Amino acid sequence: MKTISFLRGVIFGVILLHAGHASAQQGSKRIGLSDIVNGTFRQNTDVGEMRSLPDGEHYTAMNKERTMIIKYSYRTGQPVETLFDVGNVRECTFDDFQDYEISSTGYRILIIREKEPIYRHSFRAEVYDYDVRRRMVKPLNESGKKIMIPTFSPDGRMCAYVEENNIRIKKFDYDTETQVTKDGAMNKIINGAADWVYEEEFSETNLMAWSPDNEYLAYVRFDETDVPEYSMAMYGDSYYPYEQRFKYPKAGENNSKVSLYSYCVETKDIKALQAPLNEEIYIPYIRFAAEPSQLAVMTLNRHQNIFNLYYANPKSGVFKLIMKDENKAYIDCDWMKAIRFSKSGYLYVSEKDGYAHIYQYSPTGVMQRQVTSGNWDVTQLIGKDEATGTIYYESAEEGPLRRSVYSIDVKGKKTRMSALQGTNSASFSSSYTYYVNHFSNVNIPMRISIHEAKTGKEIRVLQENAVLQEKLSGYAFSPKEFTVITTATGEELNAWMVKPANFSESKKYPVVMFQYSGPNSQSVSDRFGMDWEQYLAANGFICVCVDGRGTGARGEAFRKCTYLRMGDLESRDQVAAAVALGKLPYVDKDRIAIWGWSFGGYNTLMAMSVGNGVFKAGIAVAPPTDWRYYDTVYTERYMRTPKENKKGYDETSPMNLVKNLQGKLLLIHGTADDNVHFKQSIDYAEALVQAGKQFEMHFYRDRDHGIYGGNTRMHLYTRMSNFLFDNL
């Protein structure tokens with residue numbers, strides 16, 4: 001049995017990764033729950049949107065009142081020009097706005113107002129066309145109805161959008177509107193926009209793409225007719241509830257039938273583009289590459305372990321297979337979305353050597369070189385400066401807890417761009433002349449700065465969160481200590497620990513374990529955060545978060561070892577970590593609790609069911625309770641279908657393990673959760689009843705997966721805190 005010494009030699013323990021983390025802040029003020037819920041310790045990241053303009057020297061941002069769009073200089077930070085002002089344009093009927101889009105030429109700006117959320121990412125909104133040269137604004141569409149995904153053509157002379165599931169095109173030069181599709185219908189046919197499961201699991205809402213020569217608009221059509229419909233009761237303030245209905249394909253059920261089309265702007269002809277595949281496929285993303293004849297069509301088979309990249313000619317309909325990537329488990333769709341196309345070819349991140357690394361391909365799909373290599377993961381492909389050939393990326397090569405930004409030039413010389421150790425991310429100007437670096441670590445709140453891309457030289461600091469740092473100095477708390485917990489089976493799991501400010505090794509403390517644990521997630525990282533754990537620590541708890549097997553930034557083998565048995569190793573690792581923690585001299589092993597939200601809630605139920613009583617209490621918020629209830633794309637990526645993997649589904653279902661659950665349980669769910677349906681908790685509660693298991697349950701009326709709005713969050717965290725106070 002492998003062991004690691006803990007500070008003074010206690011077995012099963014902790015390696016400090018930051019010197020001095022164990023020392024408490026010297027202020028006297030005690031952290032209250034309202035400090036956590038109301039954002040007392042929230043980092044200020046408000047530096048404006050900083051949307052790069054095509055010249056790469058300037059960016060745009062809305063003012064705080066959301067009445068103007070202002071152009072700024074990257075180098076000086078000074079305003080250069082006001083591009084839009086509600087008080088200084090002709091025929092403006094509104095006082096403010098929420099968002100905007102600027103055409104490539106800058107001659108037209110879309111002003112977006114009155115956003116109406118649909119699901120996690122999608123929304124409908126009022127959209128206005130602002131003619132910069134005439135200084136006049138008017139509704140984009142003739143009907144005045146709210147629309148979705150307005151998309152400029154490359155030359156900025158047209159805009160495609162979706163209205164009531166149909167695609168329309170506005171031609172600005174002629175002030176005309178053309179309806180491209182006419183078969184769109186709620187819960188039946190969607191043109192150009194994504195259905196629920198594509199939006200949720202592929203993080204894509206726009207399935208339209210303009211050709212570089214502006215002659216064709218390609219789009220995906222969803223036929224949802226055969227997808228089972230889910231209905232949720234919405235209670236509102238009236239005497240009678242109403243139903244919200246939407247198409248939701250659960251594991252093993254029918255997906256939308258997807259098909260691909262191209263629309264010729266000149267002739268108004270629509271052509272079906274038939275991918276050369278017989279099996280059921282997903283088309284998560286479409287993009288045009290460098291040439292008008294190269295519509296990049298990215299497909300996944302239903303198992304999501306075969307990714308085909310095609311170039312389709314929108315005029316002839318001819319498909320050509322450019323690249324094929326296969327995996328014994330599954331392909332990470334985020335890397336498909338991150339592909340960068342240019343005239344010199346494209347960049348793609350693959351796990352073919354066991355870690356996520358960047359590969360460079362020619363325009364015809366010939367692999368030219370592996371850009372990065374090593375026993376570490378690339379975590380973001382930022383892009384390529386076509387002028388110099390330099391490639392920029394973010395990685396975990398300093399260790400899974402940290403992120404740094406790097407560049408690699410055409411000769412393979414690698415340069416670390418980020419100077420500070422912790423978590424860094426960068427966004428570059430369109431010309432790759434400048435980048436904005438976001439940095440924090442466990443002790444330092446967010447620091448945002450602008451740098452020269454060529455040298456990495458810092459030009460100016462946009463935000464240092466000095467106010468937050470001063471505020472923190474007045475509170476008594478212990479920062480997170482990073483740890484490695486070695487389980488009885490020899491697994492080394494990254495973790496953090498937060499102790500009470502007045503911690504004493506001579507006392508015994510109850511422990512609350514935080515976790516999410518979902519595939520490729522990461523909750524233990526060197527970044528700043530002050531959350532509920534600090535309130536619990538202020539009330540005498542030790543709080544611990546453990547990233548078990550299946551989590552990210554530790555290579556493909558660690559990430560995908562949970563394949564086909566999602567929830568098995570993840571829950572057993574939490575149990576093993578709890579057993580290890582219970583051996584520490586200052587931990588009361590009989591007072592350990594676990595909690596989590598969404599996948600973390602699911603894993604809480606699993607851990608309490610396989611833990612043989614190691615957890616005295618647990619809180620599960622919005623938990624999946626059987627993977628058969630969850631959607632096709634997510635679930636089948638990791639589990640395949642229930643028909644193919646019945647044993648895997650059965651053995652990782654809290655519903656089937658309910659008789660083994662031990663410990664006090666609080667079950668929480670929002671009744672309007674369109675993601676993890678309220679039915680999952682209702683059915684689990686019934687299983688608990690029939691098994692003779694007593695439990696507590698709290699639901700929140702008309703709240704979705706995030707459970708927020710009004711006083712909801714304060715009520716939620718008060719409820720959870722009191723449950724732990726009463727049961728530990």
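The values are calculated or read from the model by the stated rules, or taken from the named source; none is laboratory data. Small disclaimer: the values here were computed from a predicted structure and weren't measured. Quick reminder, even Gly has a Cβ in these numbers, built from the backbone with ideal geometry, and neighbours come from all protein chains shown. What goes into the accessible areas is simple: the full protein's heavy atoms, side chains included, and nothing from ligands, DNA or RNA. Shrake-Rupley method; radii C 1.70, N 1.55, O 1.52, S 1.80 Å.
Around the amide H of Ile167, modelled in the peptide plane, lie the amide H atoms of Val180, Thr181, all under 5 Å away and 5 or more residues distant in sequence or on another chain.
Rolling a 1.4 Å probe over the protein heavy atoms gives the stretch 40-171 an accessible area of 49 Å² per residue. For the stretch 592-659, the solvent-accessible area of protein heavy atoms averages 27 Å² per residue (probe radius 1.4 Å; ligands and nucleic acids excluded). Label positions at Glu326 and Asn278, each projected 7 Å from the Cα along the C-beta direction, are separated by 1.7 nm. Note on the stretch 324-462: Cα-Cα pairs beyond 25 Å make up 27% of the total pair count. The Rg/Rh ratio of the stretch 478-548, with Rg taken over Cα atoms and Rh as the Kirkwood radius over Cα pairs, comes to 0.97.
Computed about the Cα centre, the dipole magnitude for the stretch 243-325 is approximately 80 debye when only Lys and Arg (+1) and Asp and Glu (-1) carry charge, each at its Cβ. The 3J(HN,Hα) values that the Karplus relation (6.51, -1.76, 1.60; θ = phi - 60°) gives for the stretch 403-417 are, in residue order, 9, 9, 9, 10, 10, 10, 8, 5, 8, x, 6, 9, 10, 7, 8 Hz. Gly and Pro appear as x.
Are any of the pairs Lys616/Lys647; Lys471/Lys499; Lys616/Lys659; Lys471/Lys616 more than 24 Å apart by Cα-Cα distance, and if so, which?
Lys616/Lys647; Lys471/Lys616
P(r) for the stretch 374-417, from all Cα pairs and a bin width of 10 Å, is 29, 55, 15, 1 %, short bins first. Applying 1/(1 + (r/R0)^6) with r as the Cβ-Cβ distance of Asp588 and Gln469 and R0 = 30 angstrom yields a FRET efficiency of 0.30.
For His677, the amide hydrogen comes within under 5 Å of no other amide hydrogen, counting only partners 5 or more places away or on other chains and with H modelled in the peptide plane.
Highest mean first, how do 236-248, 329-341, 197-209 rank when packing is the count of other Cβ atoms within 10 Å averaged over residues?
Most protected by this proxy first, the peptides run 197-209, 329-341, 236-248.
Here the chain has 46 percent of its accessible surface on carbon and sulfur atoms, given a 1.4 Å probe and all protein chains in place.
Over 21 Å, how big is the tail of the calculated P(r) for the stretch 516-663, in percent of all Cα pairs? Write out the running numbers ahead of the final one.
On the way: 4753 of 10878 pairs.
So the pairs more than 21 Å apart make up 44 percent of the total in the stretch 516-663.
Once the mean of 1/r is taken over each pair of separate Cα atoms and inverted, the chain shows a Kirkwood hydrodynamic radius of 27.7 Å. All other residues whose Cβ lies under 13 angstrom from that of Gly474 are scored, Lys and Arg at +1 and Asp and Glu at -1, for a net of +1. Mind grabbing the base-10 log of I(q)/I(0) for the stretch 324-367 at q = 0.21 Å⁻¹? Debye formula, identical points on the C-alpha positions, no solvent, two decimal places. Values, matching the q order: -0.69. What the phi angles of the stretch 118-133 give under the Karplus curve with 6.51, -1.76 and 1.60, with θ = phi - 60°, is a coupling list of 10, 10, 5, 10, 7, 7, 9, 7, 6, 10, 10, 9, 9, 8, 4, 6 Hz, glycine and proline written as x. Here the label points at Arg135 and Arg287, each 7 Å from Cα along the C-beta direction, are separated by 3.9 nm in the simple model. Between Asp213 and Asp409, the C-beta separation translates, for a Förster distance of 41 Å, into a calculated FRET efficiency of about 0.80.
Put simply, the amide H of Arg527, placed in the peptide plane, has neighbours under 5 Å in Val442, leaving out anything fewer than 5 places away on its chain. Per residue, the stretch 489-562 exposes 29 Å² of accessible surface when a 1.4 Å probe is rolled over the protein heavy atoms with every protein chain present. Kirkwood radius for the stretch 104-256, taken over all pairs of different Cα atoms as the inverse mean of 1/r, rounds to 16.9 Å.
The P(r) of the stretch 587-686 has a tail past 17 Å containing 50 percent of all C-alpha pairs. log10 I(q)/I(0), Debye, Cα-only the stretch 248-312, no solvent, q = 0.16, 0.18, 0.19, 0.28 Å⁻¹? After summing over all Cα pairs, the log10 values are -0.62, -0.75, -0.82, -1.34. Listed by chain and number, the aspartates and glutamates whose alpha-carbon sits under 12 Å from that of Lys480, ignoring those within fewer than 8 places in the same chain, are Asp526, Asp531, Glu533. For the chain, the 222 nm mean residue ellipticity estimated from helices alone, with every DSSP H stretch of n ≥ 4 adding -39500 (n - 2.57) and the total spread over all residues, rounds to -4000 deg cm²/dmol. With θ taken as phi - 60° and the Karplus curve 6.51 cos²θ - 1.76 cosθ + 1.60 applied, the whole-hertz 3J(HN,Hα) list for the stretch 392-402 is 10, 7, 10, 8, 10, 6, 8, x, x, 7, 10 Hz, x standing for glycine and proline. Taking Lys and Arg as +1 and Asp and Glu as -1, the other residues whose beta-carbon sits under 14 Å from that of Gly582 total +3.
Of the cross-linked pairs Lys115/Lys679; Lys146/Lys324; Lys145/Lys343; Lys146/Lys343, those separated by over 32 Å at the C-alpha level are Lys146/Lys324; Lys145/Lys343; Lys146/Lys343.
Taking 25 °C and 0.890 mPa s as the conditions, I'd like the Stokes-Einstein D for the stretch 69-175 in µm²/s, using the Kirkwood hydrodynamic radius from alpha carbon pairs.
Here the translational diffusion coefficient equals 168 µm²/s.
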